[in-house]
Amino acid sequence: MKPLSNLISIEDLDAEQVVGILDTAEQLLPIADRRRNSVPTLRGKVVCNLFLEDSTRTRISFDLAAKRMSAEVINFSGKGSSVSKGESFKDTALTLDAMGVDCVVVRSGSSGAPLQVSRYLEVPILNAGDGWHQHPTQALLDVFTMRRHLGDLAGRHVVVCGDVLHSRVARSEVQALRLLGARVTLVAPPTLLPPAPESWGAEVSGDLDAVLPDADVVYLLRVQRERMHRAFFPSSREYARFWGLDVDRLARLPDHAIVMHPGPMNRGVEITADVADSDRSVIIEQVTNGIAIRMACLYLLLSGDTEGAEVTP
């Protein structure tokens, strides 16, 4: 496959690169699942997690991914840093460069921030989520999880339901799934759909019940209240009634279908507790798979390997 220089958007990848990342993660998964021990794959490399937006799962996942491969990690938070004191983005990036980091993982509430950092630095840049734009490693860990349960995703039907408008995950998800030949249906209230959603190459529906019987995956998006500055639906109760997944709707899915969520979940809104904790839910598995995918991305960015890892756990 073509080598990776940065990972800023799923749009920058082709199908071969996506499969290469997934195959690499498959080999690294036994290491990702370890509670202790690591491999020396990236010993001597320095990974900086530049997180200018609050995060728990993603930051810890990247931290563990780097440490599982023996890289040194610098965690840089926006709060209390020079950025919060008025330092420019460029000066922050140049400071990191002067410290000799080998890779920068960027998370920001501003769309385009990782691309901007890549213009200042010559080291690999990895996007951990930027504004409403992209979250490529989340999409990759999701398709990795789907592939482990369903095999080849070509022709599979994935229903993405919820707050599509504010979701960077949804954008990356649709692009990754289409590269692998999957069919995607976006389901949401009209107020939570982006302009011209058909341009994403996905089908669109306002009726969750209608699309469940032939779904292979139901992927539920969090209602992002922190990004909402007006009312997009009457109430949480009404949202749950029309677009939330409960046990009655779960029963309408084919027996092999799985339920996914990027987290954190609003239990009782987009998903009920009994569905989240059911054996059809692979939400906790997504967390472990996220470490493997981020290990794979760091490995491919920092090792120069273009064939996929041959790493002995």
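The values are calculated or read from the model by the stated rules, or taken from the named source; none is laboratory data. In this text the structure is predicted, and so the values were computed from the model without any measurement. For neighbour counting, all protein chains shown are included, and Cβ atoms are generated from backbone atoms with ideal geometry for every residue, glycine included.
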Task: Pair list, Cβ < 7 Å and 6+ apart or interchain, from region 175-186 residues that are part of a strand (DSSP E or B) to residues that are polar (S, T, N, Q) - done: Thr185/Ser205
Open item on the list: I'm told Arg241 meets every condition in (1) at pLDDT 95 or above; (2) of a type in the set (D, E, K, R); (3) under 22 Å from Leu165 (Cα atoms) except one. Can you identify the failing condition by its number?
Closed with: (1)
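Taking Asp14 as the residue in question, decide whether it is in contact (Cβ under 8 Å) with a residue 24 or more places away in the chain and either in contact with a strand residue (DSSP E or B) (Cβ under 7 Å, 6 or more places away or on another chain) or closer than 20 Å to Ile125 by Cβ (or both). Break it down into steps so the answer makes sense when it comes.
Values: in contact (Cβ under 8 Å) with a residue 24 or more places away in the chain: yes; either in contact with a strand residue (DSSP E or B) (Cβ under 7 Å, 6 or more places away or on another chain) or closer than 20 Å to Ile125 by Cβ (or both): yes.
Criteria met by Asp14.
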- [ ] Starting from region 270-290, take each residue that is modelled with pLDDT of 95 or more and list its partners that are surrounded by 14 or more Cβ atoms within 10 Å (Cβ to Cβ) and of a type in the set (Asp, Glu), counting only C-beta distances under 7 angstrom and pairs at least six apart or across chains.
- [x] Thr272/Asp246; Val275/Asp246; Gln286/Asp142
Task: Residue under evaluation Trp200, criteria (1) under 30 Å from Arg34 (Cβ atoms); (2) outside the structural domain of Leu22 (by TED's automatic domain parsing); (3) in contact (Cβ under 8 Å) with a residue 12 or more places away in the chain, criterion not met - done: (1)
Open item on the list: Can you list residue pairs whose Cβ atoms sit under 6 Å apart, with the first residue in region 30-51 being within 17 Å of Cys297 (Cβ to Cβ) and free of Cβ contacts under 8 Å to residues at least 60 places away in the same chain and the second being in a loop (DSSP other than H, G, I, E, B) and among the acidic types (Asp, Glu)? Count only pairs 6 or more apart in sequence or on different chains.
Closed with: Val46/Asp102
Open item on the list: Every residue in region 38-62 that is in a helix (DSSP H, G or I) and surrounded by fewer than 20 Cβ atoms within 10 Å (Cβ to Cβ), please.
Closed with: Arg57, Arg59, Ile60
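With respect to Ala170, is the statement that it is modelled with pLDDT of 95 or more, surrounded by fewer than 18 Cβ atoms within 10 Å (Cβ to Cβ), closer than 30 Å to Pro195 by Cβ and not assigned by TED's automatic domain parsing to the domain that holds Asp23 true? Before you say what the answer is, go through the steps one by one.
Details: modelled with pLDDT of 95 or more: yes; surrounded by fewer than 18 Cβ atoms within 10 Å (Cβ to Cβ): no; closer than 30 Å to Pro195 by Cβ: yes; not assigned by TED's automatic domain parsing to the domain that holds Asp23: yes.
No, not satisfied.
Please tell me if Arg119 is surrounded by fewer than 19 Cβ atoms within 10 Å (Cβ to Cβ) and basic (Lys, Arg). Talk me through it step by step, then tell me what you get.
Values: surrounded by fewer than 19 Cβ atoms within 10 Å (Cβ to Cβ): yes; basic (Lys, Arg): yes.
In short, yes.
Taking Leu179, is it buried (at least 19 other Cβ atoms within 10 Å of the Cβ) and under 17 Å from Ala25 (Cα atoms)?
Working: buried (at least 19 other Cβ atoms within 10 Å of the Cβ): yes; under 17 Å from Ala25 (Cα atoms): no.
Judged against the criteria, Leu179 is not a match.
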Open item on the list: Which pairs turn up if I take residues in region 64-87 that are on the phi > 0 side of the Ramachandran plot and look for partners that are among the β-branched types (Val, Ile, Thr) and at pLDDT 60 or above with beta carbon separation below 8 Å, at least 6 apart in sequence or on another chain?
Closed with: Ser70/Val39; Ser70/Thr41
Task: Residue list for region 196-217, filter: more than 10 Å from Thr185 (Cβ to Cβ), at pLDDT 95 or above and touching a strand residue (DSSP E or B) at 6+ places or on another chain (Cβ under 6 Å) - done: Asp216, Val217
